[in-house]
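Quick notes on the structure that follows.
The values are calculated or read from the model by the stated rules, or taken from the named source; none is laboratory data. Not measured: the values here are computed from a predicted model. Please note: Cβ atoms are built from the backbone with ideal geometry, for glycine as well, and neighbour counts cover all protein chains shown.
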Amino acid sequence: MGPMQWYLPPRSEEKLGGLMAIDASGKVLWQHRTRAPFSTAALATAGGLVFAGTYDRHFFAFDAKTGQVLWQVRAPTSVQGFPISYGVRGRQYIAMPAGTGGSMLGPGRLERLIPDVPRPRAGNTITVFALPG
């Protein structure tokens with residue numbers, strides 16, 4: 001038996017990541033595709049925002065109705081885990097974990113499928129963003 005082979009799905013358009021909003025009937029409302037896979041849970045807020053992050057260090061805020069990217073930032077390493085939202089004295093905050101402990105970062109997995117996307121460096125952080133008042 002030879003070495004394991006890795007392939008991108010035929011209709012992937014060379015993109016491994018996809019975040020999709022679906023209504024209760026199963027209708028796709030919008031989809032956002034990225035070269036690197038999403039590596040976080042999606043956090044939807046009552047204010048109509050959706051937050052999610054990718055293996056290649058991007059953290060996004062989407063409009064929940066349209067999927068439009070409203071804001072994005074580059075983290076120091078791979079965005080991982082579950083973003084959270086909390087409030088202090090009437091101000092809303094989003095906390096985003098980033099690090100290299102997730103199983104997605106196992107040696108050789110993604111490098112074979114997307115060799116042009118650099119493997120995130122080591123380090124762990126929690127970054128907190130305040131939403132506009």
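Ala46 is checked against (1) part of a strand (DSSP E or B); (2) closer than 25 Å to Tyr86 by Cα and fails just one. What number does that condition carry?
(1)
Spot the failing condition for Arg91; the list is (1) basic (Lys, Arg); (2) farther than 29 Å from Tyr7 by Cβ; (3) under 12 Å from the mean Cα position of the chain (by Cα), and only one is missed.
(3)
Note down all Cβ pairs under 9 Å where the first residue falls in segment 108-129 and is of a type in the set (Asp, Glu), the second is exposed (fewer than 13 other Cβ atoms within 10 Å of the Cβ) and part of a loop (DSSP other than H, G, I, E, B), and they're at least six residues apart or on different chains.
none
Within segment 36-52, track down each residue that is crowded, with 16+ Cβ neighbours inside 10 Å and either modelled with pLDDT of 95 or more or more than 11 Å from the chain's Cα centre (by Cα) (or both).
Ala42, Leu43, Leu49, Val50, Phe51, Ala52
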